[in-house]
Amino acid sequence: MFGSGSDSGQNHTGVAGTVLMPTRFVWPYGGRRVLLSGSFTRWQDHITMSPMEGSPTVFQVVCNLTPGYHQYKFFVDGEWRHDERQPVVSGNYGVVNTIFLPRESDAIPELFSPDVPVGSNMDVDNDFLRLDAVPQISQAEIELSCQRISAFLSTHTAYELLPESGKVIALDVNLPVKQAFHVLYEQGISVAPLWDFFKGQFVGVLTAIDFILILMELGNHGSNLTEEELETHSISAWKGGKLRINRQIDCNLNSYSRSLVHGGPYDSLKDLALRFLQNKVSTLPIIHSSSPDGSFPQLLHLATLSGILKCICRHFKHSSSSLPILQQPICSIPIGTWVPKIGESSGKPVAMLRPNASLGAALSLLVQAEVSAIPIVDDNDSLLDIYCRSDITALAKDRAYAQIRLDELSIHQAIQLGQDASSPHGLFNGQRCQMCLRSDPLHKVMERLAVPGARRLVIVEAGSKRVEGIISVTDGFVVVALMKKPLLGTHVSYSSATPSPHSCICNWSEFVES
């Protein structure tokens, strides 16, 4: 039944000059090797499927198919399988799955239906649709969506973010930086609140960016990063030195002497979201004290925007039609940062690097561009991997920070340091990257951003995985703020430069104060 292999994204129809539709096939039931075959390959060739980003048990492949009726089946670990959750029919090859792709002149199906699960195993990239074919929503519907989300955030508190069980790790400010570095790595976290025993209160947060700045600073004063240098610096000493450096750079001293940004269990989700965006922080400690003076504080949880987003998605899961804005494809609304086409201007370009770039260059770009992650791409700008701020903690493994030079270690090698040696996958296996397509509806993007640890999605071109933009969890909230602004008749092309999160924070203030 199988002949030679075929690559995804190629024409599997055998018909020249026909309009092709990029169609994504998904096998969500695991396996070691998954192949796809169907009527579009004449049941002769097989197409290798790859694990989906962030979900090693989910395999996918994109094929260019002609409009019309197609049959297909999966070959999983040497056994023919069909997906029981998709339409099926009995034929010459047993029970097979079916799919119908309408022509452009046919009726365009709804982008979202409450009867179809969000994690549908068959997603069709709507690249062939014109922007004017995207279902339009009225300004009244936009305002209604805004009001309903605002009402939800106002009437629900931070208690809903607290897990039923778990642990929260805090560090003493007098702990040496080296030990703190190892604690974060061993616990698999990148953020920890700081406790001052003498003051009897939480005074700050240690984050991955602190370690990045420390390593960059030490690299400027010596030929090698040594364990001894890290041993001599306590967290409090580093925080004090960082404050002095910032004061030299910026004469506005008050901006660097603010108290710890935190929340309480009785604070509304709206108040928490406003603190996140106004202070540009990614983590908010939830602290409670039963004493009127705030003494004996208890650290309950580390809140994130992803957690709040998850609450929104859970609340409106079965009533998504009440939020019309969530049914719009992301290419039709101003959200995220996009790669511009040739000749188009961009307010904030997407930072990308090649895998052979140095770790020092990556760390400098993370700091200077004020981003939390950098897509790693090949010469065609196709996504290979992603390097995040939190990846810096991997240098604590086997004290790698004491044996490397930032300008001599490549990003490829840096990521390898953080991988489990027993992992069966290579470096660029796609498991670290969360992706989406420009045709994905906003509700699907928000649900993916609500997954713990998924702070951003890389927008890629179907088939080639060429990077087209990035959507952060902050953007998920910013677009809600933008709903107070007229969007009708202002659809933004996927290739257009869209507002950065920093330029939209003022709009969020209007939203939360409504």
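The values are calculated or read from the model by the stated rules, or taken from the named source; none is laboratory data. Source: prediction; values computed, not measured. Positions of Cβ are backbone-derived with ideal geometry, glycine not excepted, and every protein chain shown enters the neighbour counts. SASA here: full protein model, heavy atoms, side chains in, ligands and nucleic acids out. Shrake-Rupley method; radii C 1.70, N 1.55, O 1.52, S 1.80 Å.
Each row is one residue, and each column tells you yes or no for (1) in a loop (DSSP other than H, G, I, E, B); (2) open to solvent by less than 50 Å² (accessible area, probe 1.4 Å); (3) at pLDDT 85 or above; (4) in contact with a Gly (Cβ under 9 Å, 6 or more places away or on another chain).
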position: LEU230; (1), (2), (3), (4): no, yes, no, no
position: GLY240; (1), (2), (3), (4): no, yes, no, no
position: CYS251; (1), (2), (3), (4): yes, no, no, no
position: ASN254; (1), (2), (3), (4): no, no, no, no
position: TYR266; (1), (2), (3), (4): yes, no, yes, no
position: LEU272; (1), (2), (3), (4): no, yes, yes, yes
position: VAL281; (1), (2), (3), (4): yes, yes, yes, no
position: ILE287; (1), (2), (3), (4): no, yes, yes, yes
position: ASP293; (1), (2), (3), (4): yes, no, no, no
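Take the conditions modelled with pLDDT under 90, part of a loop (DSSP other than H, G, I, E, B), crowded, with 16+ Cβ neighbours inside 10 Å and of a type outside the set (A, V, I, L, M) and apply them to SER439. Does it pass? Yes: the conditions hold for SER439.
For (1) open to solvent by less than 30 Å² (accessible area, probe 1.4 Å); (2) part of a helix (DSSP H, G or I); (3) not hydrophobic (A, V, I, L, M, F, W, C), each residue gets a yes or a no:
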position	(1), (2), (3)
SER150	yes, yes, yes
PRO163	no, no, yes
GLY166	no, no, yes
ILE169	no, no, no
HIS182	no, yes, yes
GLU186	no, yes, yes
ALA192	yes, no, no
ILE209	no, yes, no
LEU213	no, yes, no
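Step by step: first the residues of segment 345-360, then only those that are modelled with pLDDT under 80 and either more than 14 Å from GLU468 (Cα to Cα) or touching a Cys at 6+ places or on another chain (Cβ under 7 Å) (or both), then the one that is most open to solvent (accessible area, probe 1.4 Å). Which residue is that? Write out each step before concluding.
Pass one, segment 345-360, residues modelled with pLDDT under 80: 345-349.
Next, from what is left, pick out any that are either more than 14 Å from GLU468 (Cα to Cα) or touching a Cys at 6+ places or on another chain (Cβ under 7 Å) (or both): 345, 347.
On the way: SER345: 99, GLY347: 82 Å².
The extreme case among them is SER345.
Applying the criterion of being touching a residue at least 24 places away in the same chain (Cβ under 8 Å), assigned to a loop (DSSP other than H, G, I, E, B) and of a type outside the set (S, T, N, Q) to the residues of segment 79-104, the residue that is least open to solvent (accessible area, probe 1.4 Å) is ASP83. Screening segment 442-473 for residues that are open to solvent by 30 Å² or more (accessible area, probe 1.4 Å) and in a helix (DSSP H, G or I) and picking the one that is nearest to ASN64 (Cα to Cα) gives ARG448.
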